[in-house]
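See below for the structure under consideration.
What follows is calculated from the coordinates using simple rules that are stated; it is not laboratory data. Keep in mind that this is a model prediction, so the values were computed, not measured. Positions of Cβ are backbone-derived with ideal geometry, glycine not excepted, and every protein chain shown enters the neighbour counts.
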Amino acid sequence: MKKIFAAALLLSGMLFSMPTMAQKTGYVNLNDLLLLMPERKKAETDIQEYAKQLDGQMKTMSSEYENKVSDYQSKEALMTEPVKLDKQKELADLEERIKNFQQTAQESLQKKQNELLEPMIKKAKKSIEEVAKENGYKQILDTSSGYVLYNDPSDDIMPLVKKKLGLSADAAPSKEAAPAPKK
């Protein structure tokens with residue numbers, strides 16, 4: 001009788017703990033989702049237009065440089081040494097401006113892309129979070145990057161770990177602490 005009671009108790013304990021062991025985890029490919037969103041097409045068009053503008057400016061600068069190099073080469077034999085040095089410095093300065101423009105243009109294009117995609121990403125993540133909550137998911141993973149897009153806040157074990165380590169419940173990491181591991 002004791003064995004049957006112990007077995008029944010063990011079985012009921014397993015049944016009651018099953019929901020906590022079988023937490024629902026879902027996944028979504030965020031990149032594919034973003035590609036399906038209607039605002040993506042406009043964002044891509046705007047990014048391409050901006051890239052064309054930057055490319056046009058780059059071509060103008062390159063053309064100016066090529067013309068000055070050609071002019072310098074055709075007149076170099078007739079130039080005095082001070083004029084040659086001045087023209088060489090002018091060409092070097094223009095080269096430097098072109099290099100700086102390339103770097104700035106690349107950064108500017110990346111910034112523009114982030115600016116246009118940010119609202120879409122926020123909208124997608126908000127929808128993912130709502131779907132997760134509505135359907136009882138504890139965690140949603142992004143299959144395109146491996147990042148966690150949603151975690152049920154009740155699964156944060158930081159307070160338990162702080163208690164285990166004897167740390168104050170309201171203790172916060174200092175600004176000089178080692179960086180957190182990447183997601």
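So here's what we get for this one:
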| quantity | calculated |
| --- | --- |
| Count of lysine pairs in region 59-113 with Cα separation under 30 Å (8 or more residues apart, or interchain) | 21 |
| Candidate aspartates and glutamates - alpha carbon under 13 Å from Lys123, same-chain residues fewer than 8 apart omitted | Glu39 |
| Linear extension gain, Ala172 paired with Ser108, 0.36 nm per residue minus alpha-carbon span | 19.5 nm |
| Ser144 long-range amide H proximity, modeled H, under 5 Å | Leu30, Asn31 |
| Distant-in-sequence amide H partners of Tyr27 (H built 1.01 Å from N, under 5 Å) | Leu141 |
| Backbone HN-Hα couplings from phi across region 36-42 [Karplus 6.51/-1.76/1.60, Hz, Gly and Pro as x] | 7, 6, x, 6, 5, 4, 5 |
| Under Karplus coefficients 6.51, -1.76 and 1.60, residue-wise ³J(HN,Hα) of region 51-67 in Hz, glycine/proline x | 5, 5, 4, 5, 5, x, 5, 5, 5, 4, 5, 5, 5, 4, 4, 4, 5 |
| Chain lengthening between Leu78 and Lys52 when straightened (0.36 nm per residue, less Cα-Cα) | 5.4 nm |
| Candidate aspartates and glutamates - alpha carbon under 18 Å from Lys133, same-chain residues fewer than 8 apart omitted | Asp142, Asp152, Asp155, Asp156 |
| Relative contact order for region 31-135, counting Cα pairs under 8 Å that sit 6 or more residues apart, in percent | 51 percent |
| FRET efficiency for Asn67 and Tyr147, using Cβ-Cβ distance with R0 set to 45 Å, rounded to 0.05 | 0.40 |
| Residues with amide H under 5 Å from that of Tyr150, placed H, sequence gap 5 or more | Ile140 |
